[in-house]
Amino acid sequence: MTYSLEWLKKPELGYRRVFYFTGPNHVLTTIRNRRVKLSAFDKCNDVFELASFSLDERASRDAHRNWMQSVKDKVGLLCLSEDWKNPLMWAHYADRGQGVCLVIDVSMKISTPVKYLAVRKVYNDRDFPKPNSPNFSEFCSIKSTKWKYEREIRVISKFMDSDVVKDGNMRFLNFSERLKLVGVINGPRPVLCCEEILAAGIDRSRFFQSRPAFRKFNIVSQQNTKLWKWCDKT
């Protein structure tokens, strides 16, 4: 089988090409249902999430704590990356490379690049922005430079948005014209075989398996398709 990576190179006009790393356990359901799980701010890996500024004064900390409580009940976020080749992303977010990376085109209108700071700045205003504020997404997309390797792009969605659906205690963001599933990259240590992923609803021309690079600390495409994980492989 031959394949091309031309489709991976450039997004549509008005969109960002981004990558969503996930483990193997729920990815087939994600593809079939055409939706991705929204994360809660208080469940993120970064303990400084939504606290990129200094909180020296107790009154500021109290105001911030109350604001955080209100935010977590109203909005969620989708964490994406501009780089699918970074082995740290595969290790941390795709179960040590056993999962997959969804290739997504996200509208620039709903996505925000994360800004990375070396030092927490002073924030004197205790009136934190509300979800409907114009600067809310930018305010919620600031992190330490220690996370810069992620090259993160965020989609922050209010739970009342029409594209957001609730399923049990979780909320999901539907794929739509604003968030398009373009293709899938299988991990360098794949658990799922190619046939399973393709059968979930992925175009074969927009799928490939990855591998560790031979010369650099990067993840690259596995050009020898005989080495891909096939279900019927003995």
Model label zone, Arg204; criterion: amide N under 13 Å from point 7 Å along Cα-to-beta-carbon; scope the range 1-38 | 1-4
Once the other residues with Cβ under 10 Å from the Cβ of Gly97 are scored (Lys, Arg +1; Asp, Glu -1), what is the net sum?
-> +2
If you look for lysine pairs in the range 96-147 that are eight or more places apart or on different chains, how many of them have Cα atoms under 16 Å apart?
-> 4
Where does helix 58-72 land angle-wise versus the long Cα axis of the chain, in degrees 0 to 90, nearest 10?
-> 40
Of the trypsin sites (Lys or Arg not before Pro) in the range 98-172, those whose Cβ has at most 13 other Cβ within 10 Å and which sit in DSSP loop | Lys109
Taking only protein heavy atoms and a 1.4 Å probe, what accessible area per residue, in Å², does the chain have with all protein chains in place?
-> 57
Taking Kirkwood radius over Cα pairs in Å as the quantity of interest, determine which of (i) 19.0; (ii) 19.8; (iii) 18.5 was computed from the displayed structure.
-> (i)
Cα centre as origin, Lys/Arg/Asp/Glu Cβ charges: the chain dipole, Debye = 460
Compute, for Trp147, the solvent-accessible surface of its heavy atoms (probe 1.4 Å) with the complete set of protein chains present, and express it in square angstrom to the nearest 10.
-> 50
In whole percent, the fraction of accessible protein surface over the chain that belongs to carbon or sulfur atoms, probe radius 1.4 Å, stands at 50
Using a Förster distance of 30 Å, how high is the FRET efficiency between Arg32 and Asn169, based on the Cβ-Cβ distance and rounded to 0.05?
-> 0.90
Could you tell me whether the range 94-229 comes out rounded, prolate or oblate from its Cα gyration tensor? Rule is a ≥ b ≥ c as square roots of the eigenvalues, rounded for a/c under 1.5, then prolate if a/b exceeds b/c, otherwise oblate.
-> oblate
Dipole magnitude of the range 77-193 about its Cα centre (Cβ charges: Lys, Arg +1; Asp, Glu -1), debye to nearest 20 | 380
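The values are calculated or read from the model by the stated rules, or taken from the named source; none is laboratory data. Everything quoted here is computed from the prediction, not taken from an experiment. Using ideal geometry, Cβ is built from the backbone for each residue, glycine included, and neighbour counts are taken over all protein chains shown. Calculation scope for accessible area: heavy atoms of the full protein, side chains included, ligands and nucleic acids excluded. Shrake-Rupley method; radii C 1.70, N 1.55, O 1.52, S 1.80 Å.
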